[in-house]
Amino acid sequence: MLDFLLIVVFCVLGVLLGIITGLLPGLHVNNVALIMLSISSTIVAFCSPLFAFGISEQFILILIAGFMISVSISHSFHDTIPTTFIGAPDEETALSVLPAHSLLLKGDGYKAVALAALGSYGAILVCLALLFPLRFIIGPPLSLYTIIQEGMIWVLLAIVILMILTEKTRITELGNSGMLPSLLGMLFAGFVFVLSGIFGILIFDFHLTSPIGLPAPVLFPALAGLFGVPTLLNSLFTEPAIPEQKIEPLIQNRIEKKSSLISILTGSIAGIFVSLIPGLTTATGTVLAMNARQKSSQEQTIVTLSAVNTAATFSVTVMLFIILRARSGVTLAVRDLIAIEPWDSFAMPVGLMYLLMFLILSGVLSYFLTLYMGRLFAKKFHVIPYQKLVVFTLIFICSLVVLFAGVLGLIVLLAATSIGFLPITWGVRRSHCMGVLLIPIILYFL
Amino acid sequence: MKFKYLIILIAIGSLVALYFLSLISQPVLVPLSLLQTYNGQQVIVQGVVTDYRTITYGSQLITIRETQNSTKSVVLYIEGEIPIEYGDTIQATGEVQQYKNQWEIVVNNPQLIVILQKWHDLSFPLWQLALHPENYLDTTVNITGIATQLFDSSFTLTSMDGKYSIEVAYQSSCPHQFLKGDTVAVGARFIYDATTCRFFLKATEATHGIWKRGG
């Protein structure tokens, strides 16, 4: 009984920390995982009185691993709130507006959060339902991962080609007739991809140091610069008028429900795929899912994106036991904490069973808490001066970068921001910036 | 100039600036005894391979020991495989991490491992092995000496001055063309047998062997 109680306590604490990391833009869950890993022995020492009640050190390490998993699930639910409410540009002048920002500008910010929570929760249910099929498809006897691994370079190249060729933005700088604008759009997408890739190759040789001794992953300033800061700066420059937000429960008709179900399914499968292939992120996964899904509304794009995000977070934990690969900072930390017993028979390893409890419990808690926090945000949102909120967020991200990665990290952030501005100013998809990971990985497989 | 054009130039310019910065921002070569102070950072380490094995899905674990006057060792976790042998001196660039209270270096790319010296390129006399066995334990060595006593699948290797000797066990599949009294070079793994409390050389792999030397 005590062990179950401890699981609940660590899970709730993880979800609460996930709310904080999710709500604070720039604070990535991987950084929290690295910090937790470095203090894990202190936590074990703190919990040592539990040894007298039959709780082993190994179980405490599982609790810490489960705590990190709960943080990551909660983070994947709650990060939709700042994504929706902060960084929206002026829709009249901006070339590309994220779907959640578009709803915010119509006063439907809470609806965007509710749709995202629906997508995330649905993804957890889909991943759970697919757990055993995945085990036998990805692991033996079908061993899909081994097949993919042998042709990994081709899989990655196919994804890159698909991403670039499905770019729909028309660039009319050299004329507005025929195929030329579409072709220029694709060429510019390729240019952003290559530029991001060169950036990736350069930064992976960088030796960053935190001035206060924290882990200094170079991807933190890089991704914050490519995706976060340009969106915020764009919002700051364009000064959007944000209307008062409507707070209505999410009600969907039959067609919308069916559409959401398809979005959750495609998003979840894309999320599982993301957790299998190195270098893919939820942004790339969403492009793949949207291509599979074809035409869809802004609402369904939000559901799909959230489903990809949470399915990937869920699946990386399962993949750790099936393919024995850590595809995220959190699973890297988990792998360092507990013994990973391969899931190569029908029976599930005990470690995975415990972590599944955390995944399910944190998913349920996060769903309701996201809706609550979303309502709270939407209610109080108009009270906060929007431009000041954006400036505060920018300062916060820069401060985190300096704390984690030092001055050199700030330089990486600035360079990444200049590349991250290209999709915004030219209107192509921001996911092309994922060349930062994909090109170094493709070169690795060559 | 419009911002949309200017930002292209700024992005390219920032990459050029990063390139020059990357030239001066390289990981440092760290002694294995100081790894704990570089937790989470990229470092360069050097050492002699004392153990290596392939784990699931093609990752490799290599244990290296510091080359000079130290028994400190560290495990390298490599995403991929490289062809190495016991006794090779290698250099690795990777991130320092703690795994089950042990420090390890995570090397994301096998290309970040450089073989500085193959074990057979470094030949040395038996007395050197006798004076500093801890520097060579569990590595493959290339030792020169005189074959003295011969047995079915082993012989005694004695130093030129006759002061030191060691047993060499070999398999018939290993190349071995020599007679009693010949000066030979032995490529074999240097092992300590705890049950008999003695060191010996074991030539069992395809790259090992006993070769006759002139003089």
Point to revise | Length released on extending from B:LYS180 to B:TRP211, taking residue separation times 0.36 nm less the Cα-Cα span | key: 9.9 nm
Practice item. Between the alpha-carbon centers of the range B:144-215 and the range A:228-301, tell me the distance in whole angstrom. Key: 69 Å
Point to revise | For chain B: lysine pairs under 22 Å (alpha-carbon distance), excluding those fewer than 8 apart on one chain | key: 10
Exercise for review: Using only Cα atoms, tell me the angle between helix B:3-24 and the longest principal axis of chain B; keep it within 0 to 90° and round to the nearest 10.
Suggested key: 30 degrees
Check your understanding: Which residues does a label at B:GLN128 reach in the range B:141-168, if reach means a backbone N under 14 Å from a point 7 Å past the Cα toward the Cβ?
Key -> B:141-145, B:160
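To the nearest 500 deg cm²/dmol, what mean residue ellipticity at 222 nm is calculated for chain B from DSSP H runs of n ≥ 4 alone, each contributing -39,500 (n - 2.57), summed and divided by the residues?
Values: 2 runs with 28 residues, N = 215.
Here the helix-only value at 222 nm equals -4000 deg cm²/dmol.
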Study note, to complete from the structure: The convex hull of the Cα atoms of the range A:289-446, divided by residue count, gives a volume in Å³ per residue of 210 Å³
Review point. Across bins of 5 angstrom width beginning at 0, how are the C-alpha pair distances of the range A:208-282 distributed, in whole percent?
Key: 3, 10, 9, 10, 13, 17, 18, 11, 5, 2, 1
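Based on DSSP H runs of at least 4 residues, each adding -39500 (n - 2.57), what is the mean residue ellipticity at 222 nm of chain A after dividing by all its residues, to the nearest 500 deg cm²/dmol? Working shown, then result.
On the way: 20 runs with 315 residues, N = 446.
Only helices count here, giving -23500 deg cm²/dmol.
Using the scaling law 2.2 N^0.38 Å as the reference, what is the normalised Cα Rg of the range A:204-342? Kindly include the intermediate steps, with their values, before the conclusion.
Numbers: Rg = 18.7 Å, N = 139, 2.2 N^0.38 = 14.3 Å.
Normalised Cα radius of gyration, the range A:204-342: 1.30.
Among the GluC sites (Glu not before Pro) within the range A:227-312, which fall in a DSSP loop and have no more than 14 other Cβ atoms within 10 Å of their own Cβ?
Numbers: sites: A:GLU244, A:GLU256, A:GLU299; in loops: A:GLU244.
Answer by residue number: A:GLU244.
Taking 0.36 nm per residue of separation and subtracting the Cα-Cα distance, what length does fully extending A:ILE39 through A:LEU187 add? Mind showing how you got there, number by number?
Working: separation 148, 0.36 × 148 = 53.28 nm, distance 4.72 nm.
So the extension gain works out to 48.6 nm.
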Check your understanding: So for the pair B:VAL16, A:LEU144, with labels modelled 7 Å out along Cα→Cβ, what separation do we get in nm?
Key -> 4.7 nm
Check your understanding: What would the Debye formula give as log10 I(q)/I(0) at q = 0.15 Å⁻¹ for the alpha-carbon point model of the range B:120-212, no solvent?
Key -> -0.48
Check your understanding: Considering amide H positions built from the backbone, and no H for Pro or chain starts, which residues 5 or more places from B:THR144, or on another chain, come under 5 Å of its amide H?
Key -> B:PHE124, B:LEU126, B:VAL186
Exercise for review: In whole angstrom, note down how far apart the Cα centers of the range A:180-214 and the range A:102-135 are.
Suggested key: 29 Å
Revision key, fill the gap. The ³J(HN,Hα) series, computed from each phi in the range A:30-39 with the Karplus coefficients 6.51, -1.76 and 1.60 at θ = phi - 60°, rounded to the nearest Hz and given as x for glycine or proline, is 4, 5, 4, 4, 5, 5, 4, 5, 5, 10
Practice item. Apply the Debye scattering formula to the range A:102-244, with a single equal point scatterer on each alpha-carbon and no solvent, then give log10 I(q)/I(0) at q = 0.09 Å⁻¹. Key: -0.56
Exercise for review: Please work out how much length the chain gains when fully extended from B:SER73 to B:GLN91, using 0.36 nm per residue of separation minus the C-alpha to C-alpha distance, in nm with one decimal.
Suggested key: 5.2 nm
Check your understanding: What's the center-to-center distance, using Cα atoms, between the range A:310-351 and the range A:407-446 in Å?
Key -> 28 Å
Check your understanding: For B:TYR164, which sequence-distant residues (separation of 5 or more, or a different chain) have an amide H within less than 5 Å of its own amide H, given hydrogens modelled in the peptide plane?
Key -> B:SER159
Review point. On a 0 to 90 degree scale, rounded to 10, what angle separates helix A:435-445 from the longest Cα axis of chain A?
Key: 60 degrees
Study note, to complete from the structure: Here Rg/Rh (Cα, Kirkwood) for the protein assembly as shown equals 1.05
Exercise for review: In nm, give the distance between the simple-model label positions of B:ILE191 and A:PHE237, each being 7 Å from the Cα along the Cα-to-Cβ direction.
Suggested key: 6.8 nm
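So what is the relative contact order for chain B, in percent, with contacts set as C-alpha pairs under 8 Å and at least six apart?
Numbers: 465 pairs, mean separation 28.6, N = 215.
Worked out over chain B, it gives 13 percent.
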Check your understanding: Within chain A, what's the longest stretch lacking trypsin sites (Lys or Arg not before Pro) that sit in DSSP loops with no more than 16 other Cβ atoms inside 10 Å?
Key -> A:296-446
Check your understanding: What is the spin-label model distance, in nm, from A:LYS258 to A:ILE20 if the labels are put 7 Å beyond Cα along the C-beta direction?
Key -> 4.6 nm
Exercise for review: Would you work out the relative contact order for the range A:146-208, in percent, from Cα pairs under 8 angstrom that are 6 or more residues apart?
Suggested key: 23 percent
Review point. Taking only pairs that are 8 or more places apart or on different chains, how many Lys pairs in chain A have Cα atoms under 16 angstrom apart?
Key: 12
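Viscosity 1.002 mPa s, temperature 20 °C: Stokes-Einstein D of chain B from its Kirkwood Cα radius, in µm² per second?
On the way: Rh = 19.7 Å.
Translational diffusion coefficient: 109 µm²/s.
Find, among the GluC sites (Glu not before Pro) in the range A:3-92, those assigned to loop by DSSP (not H, G, I, E, B) with at most 11 other beta-carbon atoms within 10 angstrom. Could the numbers behind the result be given before it?
Details: sites: A:GLU57, A:GLU91, A:GLU92; in loops: A:GLU91, A:GLU92.
Qualifying residues, ordered by number: A:GLU92.
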Point to revise | Length-normalised contact order of chain A in % [C-alpha pairs under 8 Å, at least 6 apart] | key: 31 percent
Revision key, fill the gap. Stokes-Einstein, Kirkwood over Cα pairs, the range B:28-117, 20 °C, 1.002 mPa s; D in µm²/s equals 168 µm²/s
Point to revise | Sites B:THR204 and A:LEU2 - FRET efficiency at Förster radius 51 Å, r taken between beta-carbons, to 0.05 | key: 0.45
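Values quoted throughout were computed directly from the atomic coordinates according to the rules given, and no laboratory measurement underlies them. Here the structure is a predicted model, which means the values were calculated and not measured. Here the Cβ is made from the backbone with ideal geometry for all residues, glycine too, and neighbour counts use every protein chain on show.
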